[in-house]
């Protein structure tokens, strides 16, 4: 006799998943396949900026895990997660953990600043050829790449630790209900 499939709950709505994959694809494509200043690089940057703005705005009106009020990385939440990690205690919850939310917010902020600096460099004559702005843009891109690496490593590590495919929830929108 086979065991019934574990109960799942809708976690990520279609808008969250659209924003997530738009940001992932735009960043990946701009990092690996386009050249600075190319039309594709610019349009992907504008798309990513719009997706990041939409995600930020959605956080104020969304419910559940997508709402900012549900995932703010307060010092108390971060401390509790660090204690749980140090004690190797399983910390199961729906949505982002405190550290996950912090990384997510830093990635969104970096993406918004990348879009802004890219826009300023390409569309505002005052900043045309401003090397400082180009340096800031490059620094932001490198910082975002580091945050993306942390995000990916953490998603895999937590999936292994919790014995659950966490990235799958960003595809299906559903996640297993945590025990207890």
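Against the numbered list (1) under 20 Å from the mean Cα position of the chain (by Cα); (2) in contact (Cβ under 8 Å) with a residue 60 or more places away in the chain; (3) more than 24 Å from residue 16 (Cβ to Cβ), residue 142 comes up short only at (2).
Could you check the range 130-155 and list, in sequence order, the residues that are within 27 Å of residue 85 (Cα to Cα) and modelled with pLDDT of 95 or more?
Going through the range 130-155, the residues within 27 Å of residue 85 (Cα to Cα) turn out to be 143-155.
Residues satisfying the conditions are 143, 144, 145, 146, 147, 148, 149, 150, 151, 152, 153.
Annotation note: Cβ proximity below 9 Å between a residue of the range 98-111 that is free of Cβ contacts under 8 Å to residues at least 12 places away in the same chain and a residue that is crowded, with 21+ Cβ neighbours inside 10 Å and assigned to a helix (DSSP H, G or I) (sequence gap 6+ or interchain) occurs for 109/52.
For the range 152-180, a residue qualifies if it is surrounded by 12 or more Cβ atoms within 10 Å (Cβ to Cβ) and in a helix (DSSP H, G or I), and the qualifying residues are 152, 154, 155, 156, 158, 159, 161, 162, 169, 170, 171, 172. It is to be established whether one or more residues within the range 122-138 are within 20 Å of the chain's Cα centre (by Cα), assigned to a helix (DSSP H, G or I) and surrounded by 15 or more Cβ atoms within 10 Å (Cβ to Cβ). Yes, some residue in the range 122-138 is within 20 Å of the chain's Cα centre (by Cα), assigned to a helix (DSSP H, G or I) and surrounded by 15 or more Cβ atoms within 10 Å (Cβ to Cβ).
The values are calculated or read from the model by the stated rules, or taken from the named source; none is laboratory data. None of these values were measured; they are calculated from a predicted model. Cβ atoms come from the backbone with ideal geometry, glycine included; neighbour counts cover every protein chain shown.
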